[in-house]
Amino acid sequence: MVTRAEVLALDQADQLAGFRDRFVLDDGLIYLDGNSLGALPKHTAARVADVVSREWGRDLITSWNRNDWIGMPTRIGDKIGRLIGAAPGQVVCADSTSINVFKLAAAALALRPGRRVVVSDRGNFPTDLYMIQGLAELTGGGVELRLVDETEVSAAITEEVACVMLTEVNYRTGWRHDMAAVTAATHAAGAISLWDLAHSAGAFPVALDAVGADLAVGCGYKYLNGGPGAPAFLYVAQRHQDSIRPPLSGWLGHDAPFAFDLGYRPAAGIQRNVCGTPPVLSMAALECGVDILLEADLDAIRAKSVALADLFHTLVEERLPGTFGIVSPRDAARRGSQVCLTHEAGYAIVQALIAARVIPDFRAPNILRFGLTPLYVRFGDVWDAVDRLVTIMETKTWQQPEFQVRAKVT
Ligand SMILES: *Cc1c(COP(=O)(O)O)cnc(C)c1O
């Protein structure tokens, strides 16, 4: 049996331990949902207040130049690029993940004229699939979405396929694709890879350039700690940039937005993938979250995430044998940064945990999802979370009526 004292010793030796103090977190709260909404960095409030009162209030419209508001999409994009193995000039911060999926899936199809199949897997986050369904309708059937099981993807990549669109880490189970292998199989069939890094960026090192990825998108409010509804990002490998025809051809992706030409002419490079005016306040908040991650070593973040998940799995097996299914992979190479348990009363158990000051989330039909964000989750938090889960199961507090009521957001 692993003891609490042994676990607290791991926190003593943790080289990332100091980062927790950079976030606004109540000491008694165990926050295991940073994979859904990252915690608030302490310096974000002051930075956003400064952008509001000084840059907006005092400098007004001159801020577009004076405070480089206009450069935010590429400046923050390049910073995110450092977290995902992308050399400068290949990432922009823009729009939402859903919209970026639409933009880049349409671009991928245009890069492969004569092919109309988009392959994805049934474990993908539904919005990514919905966006392709919308694109299929818009093009009057010019796109076919082909869904397979996540272990069958490589076999489905045939010469008909234009784009292989996958989320690297399954949002419900934490299962992780082999990005290098799938990208190689995609290229062998002459197709374009489109990776969704919503559960990867900021969670562990990603090597987009090194694996030869073509296109990617990702989310600003999960592991990047950018705040609720933070802008997302997209990546286009250098070699494709001048061939991309943006389907959302807005003025800030124009070659000369302030020439106000009547005809659209895409900007050179990554900039053409920006559509409209950047949400400056949200981007200022996102930049604070990204800056903290850039101070940390992503390999250390990954090593701690693996250790936290291994500890979590071990404690659940030792202390709650047979009570929960464990669907997150035991093999760290096939796992993102979350632990996922199954139980038919999962929703009520999650509500009972929240009442006990442990915040995970629930994903239908029966998954309890615990996100592991190593900058602010401690080994002791994992021990205490499992301990409170043991109490909830022993005392059956999850059966209380108030824990059965479903809220809109789970
Ligand atoms: C969180 C998430 C999204 C969210 O998309 P929004 O447009 O920000 O709502 C999209 N795709 C995946 C895979 C996600 O995990």
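A few comments on the model shown:
- Selection of strands (runs of 3 or more DSSP E) fully inside the range 117-228 by the criterion of at least 2 residues being touching a residue at least 40 places away in the same chain (Cβ under 8 Å) and either away from the ligand (no atom under 11 Å from the Cβ) or over 29 Å from Tyr31 (Cβ atoms) (or both) returns 117-121, 161-167, 192-196, 215-218.
- Sole exception among (1) in contact (Cβ under 8 Å) with a residue 24 or more places away in the chain; (2) farther than 30 Å from Arg22 by Cβ; (3) touching a helix residue (DSSP H, G or I) at 6+ places or on another chain (Cβ under 9 Å) for Thr342, by number: (3)
- Meets criteria (in contact with a Cys (Cβ under 8 Å, 6 or more places away or on another chain), at pLDDT 95 or above and within 16 Å of the ligand (Cβ to nearest atom)) for Pro231: yes
- Ala237 touching a strand residue (DSSP E or B) at 6+ places or on another chain (Cβ under 6 Å) and either at pLDDT 95 or above or of a type outside the set (Val, Ile, Thr) (or both): no
- Against the conditions (1) in a helix (DSSP H, G or I); (2) at pLDDT below 95, Ala333 satisfies every one except (2).
- Asp68 passes every criterion in (1) on the phi > 0 side of the Ramachandran plot; (2) touching a residue at least 12 places away in the same chain (Cβ under 8 Å) apart from (2).
- Filtering the range 82-116 to residues that are within 18 Å of Glu160 (Cα to Cα) and part of a helix (DSSP H, G or I) leaves Ala105, Ala106, Ala107, Ala108, Leu109, Ala110, Leu111.
- Those residues of the range 353-371 which are free of Cβ contacts under 8 Å to residues at least 60 places away in the same chain and part of a strand (DSSP E or B), in sequence order: Phe362, Leu368
- Those residues of the range 14-73 which are surrounded by 15 or more Cβ atoms within 10 Å (Cβ to Cβ) and of a type in the set (S, T, N, Q), in sequence order: Asn35, Ser36, Thr44, Ser63, Asn67
For every residue, the table says whether it meets (1) touching a helix residue (DSSP H, G or I) at 6+ places or on another chain (Cβ under 8 Å); (2) of a type outside the set (Gly, Ala, Ser).
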{"site": "Arg335", "(1), (2)": "yes, yes"}
{"site": "Ala355", "(1), (2)": "yes, no"}
{"site": "Val358", "(1), (2)": "yes, yes"}
{"site": "Phe362", "(1), (2)": "yes, yes"}
{"site": "Leu368", "(1), (2)": "yes, yes"}
{"site": "Gly371", "(1), (2)": "no, no"}
{"site": "Thr397", "(1), (2)": "yes, yes"}
{"site": "Phe403", "(1), (2)": "yes, yes"}
{"site": "Val409", "(1), (2)": "no, yes"}
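- Between Trp56, Trp64, Trp69, the distinction of being closer than 30 Å to Pro257 by Cβ and not in a helix (DSSP H, G or I) belongs to Trp69 only.
To keep it simple, each residue is scored yes or no on (1) surrounded by fewer than 23 Cβ atoms within 10 Å (Cβ to Cβ); (2) touching a Lys or Arg at 6+ places or on another chain (Cβ under 9 Å); (3) acidic (Asp, Glu).
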position	(1), (2), (3)
Cys219	no, no, no
Gly226	no, no, no
Gln238	yes, no, no
Pro247	yes, yes, no
Gly250	yes, no, no
Arg265	yes, no, no
Thr277	yes, no, no
Leu286	no, no, no
Ser328	no, yes, no
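- Residue within the range 206-213 that is crowded, with 24+ Cβ neighbours inside 10 Å and not aliphatic (A, V, I, L, M) present: no
- Being surrounded by fewer than 14 Cβ atoms within 10 Å (Cβ to Cβ), touching a residue at least 60 places away in the same chain (Cβ under 8 Å) and charged (D, E, K, R) holds for only one residue in Asp384, Asp299, and it is Asp299.
- Gln238 falls short on exactly one of the conditions (1) within 17 Å of the chain's Cα centre (by Cα); (2) over 27 Å from Pro41 (Cα atoms), and that condition is (1).
The values are calculated or read from the model by the stated rules, or taken from the named source; none is laboratory data. Note that the coordinates shown come from a computational prediction; the quantities given were computed from them, not determined experimentally. Neighbour counts are summed over all protein chains in view; Cβ atoms, including those assigned to glycine, are modelled from backbone coordinates with ideal geometry.
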